[in-house]
Amino acid sequence: MPGYPFDPTPEPEILSRIQTLKIHMTGQGPDALFLTHKPDIYYFCGTAQDSYLYIEKDQDPILFVKRYLPRARQEAAFTRVEPVDSVKDIPKWISRQFKKLPATCGLAFDVVPVKDYQFYQHLFPGTEFKDGSPAIETCRQIKSAFEIEKLEAAALVSKQTFDFMEKNIRPGISEMEFCGMFEAFSRTLGHSGKLLTRHYRQEGFPFHVMSGKNGGLPGGLDSPLCGTGMSKAYPYGAGPKFMNENEPILVDFGTLLDGYHIDESRMFVMGKMEDKARDACLASIEILNRVKDKMAPGVLMGEVFDTAVHTAKQLNIEEWFLGLPDLKSKFIGHGIGLELVENPVLAQGRKEPLRPGMVFAVEPKFIFKDEFAAGIESMIHVTDKGSRFLSLTENKIFDC
């Protein structure tokens, strides 16, 4: 396609993902998978055009495209790309090509609405639909070398954006105005703006600044910190408050570059931060480093969470760690990649072991009610022998 600006995902990368997926479909898995969620489709074929991806255990994948066919063919990493006018045409095509519909078929039950499930069940008479999300997530939670490169490129954009914040933050501007400044800068580096989240009740937004007392205001976000937002209808993130000298300011910024997310938080102060807040900021950095040292293949995810809580106890700051005493978060970090929050989660009691290739946004944070927030969030990559910081932004307080 003349003038097309994007390189395709390498075919061997996509074929490796398909092969891994089929391995997870063997045994008690479904005979086929019908993917409707765009990040899943993109992961397994390389395009996010309006399409549906059908994968049988013993057949080549078929991408059914509603629009736009030329772009889908340009982007998809395999050749079986079929145009359809409606999703209703797909089971008819499968019946003609394979002489039958699958006995069992996997859908991503974690994201497919009930109404759509019932519609697909009507289109595939005689097919038993099962939850295909475990097989999908098991593939996606292990990042390949190709994906790590994508994440590292996004990490550089995040670092450059935090450097911009350090140079341009100033007293007297509102939290949301400051977000507009650094988001606009990040867009010039390729940041897509919108952050993708998997669960319909999760919120993904890059405008998350909490200054002074706003950081100490709890709210409805599933996180230790919330912010005021700009209205009661969207009560999350930056608000109209003006930022002042000497107050602790937490900036939580999500970057989306070429499909991959980086999620980082850093503390800022314009002037001198009071000792209580600075001590809490330094404690969050200490917890982050202890967690990173704990993370290695085979370590249980719940043990990573326990390490964070134990360190907060050692530092005598547990009371304010991960939320108010009666409203504490039960996780210290989350998987991240094509979506801002992915499985697995470093949560209390989780028995799953860490595996090489997993990437987490680890976020030890504190809330001091009606006073301020303190914390940090950095990306950690589990390697063959241990772990490393994937983040390039320095783990420090930004004194401006």
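Every read-out reported here was derived from the displayed coordinates using simple, explicitly stated rules and does not represent laboratory data. Here the structure is a predicted model, which is why all the values come from computation and not from measurement. All Cβ positions, glycine included, derive from the backbone under ideal geometry; neighbour counts span all protein chains shown.
For the reader, a short list of remarks on this structure follows.
- Above-threshold pairs, the threshold being 32 Å between Cα atoms, out of Lys92/Lys194; Lys194/Lys396; Lys328/Lys396: Lys92/Lys194
- Restricting the calculation to alpha carbons of the stretch 11-140 gives Rg and Dmax of 13.4, 37 angstrom.
- Against the chain, whose longest principal axis is taken from its Cα atoms, helix 145-168 shows a tilt of about 30°.
- Reciprocal mean inverse distance between Cα atoms of the chain - Kirkwood radius, Å: 22.4 Å
- Radius 14 Å from Cβ of Glu274, net charge of other residues (Lys, Arg +1; Asp, Glu -1): -2
- Alpha-carbon centroid distance for the pair the stretch 204-249 / the stretch 357-386, whole angstrom: 18 Å
- In degrees, nearest ten, helix 301-314 long axis to first principal axis of the chain (Cα): 0 degrees
- Dipole orientation for the chain: of the candidates Met358, His199, Leu63, Leu63 has the Cα lying most toward the positive pole (charges on Cβ; Lys, Arg +1; Asp, Glu -1).
- Simple rule: put +1 on each Lys or Arg Cβ and -1 on each Asp or Glu Cβ in the chain, find the dipole, and look at Phe119, Phe389, Ala280; the Cα lying farthest toward the positive end is Phe119.
- Each other residue within a Cβ distance under 12 Å of Met176 adds +1 if Lys or Arg and -1 if Asp or Glu, for a net charge of -2.
- Under 5 Å, built H, 5+ apart or other chain: amide partners of His208: Ala238, Asp252
- Within the chain: Cβ-based charge dipole about Cα centre, in debye rounded to nearest 20 (Lys, Arg +1; Asp, Glu -1): 820 debye
- Note on Asp279 and Tyr4: their simple-model spin labels are 6.0 nm apart, each label 7 Å out from Cα toward Cβ.
- Counting only DSSP beta bridges with both residues in the stretch 11-140, the antiparallel share comes to about 50 percent.
- Taking chymotrypsin sites (Phe, Trp or Tyr not before Pro) across the stretch 24-93, the ones in a DSSP loop with at most 16 further Cβ atoms lying within 10 angstrom of their Cβ are Tyr68, Phe78.
- Over the chain, Cα pairs under 8 Å with separation of 6+ residues give a relative contact order of 15 percent.
- Working note: 222 nm ellipticity from helices only, DSSP H runs with n ≥ 4, each -39,500 (n - 2.57), summed and divided by the residues of the chain, gives -10500 deg cm²/dmol to the nearest 500.
- Check: the stretch 323-400 dipole with +1 on Lys, Arg Cβ and -1 on Asp, Glu Cβ, in debye: 380 debye
- Between 0 and 90 degrees, the angle of helix 275-294 with respect to the longest Cα principal axis of the chain falls at about 40 degrees.
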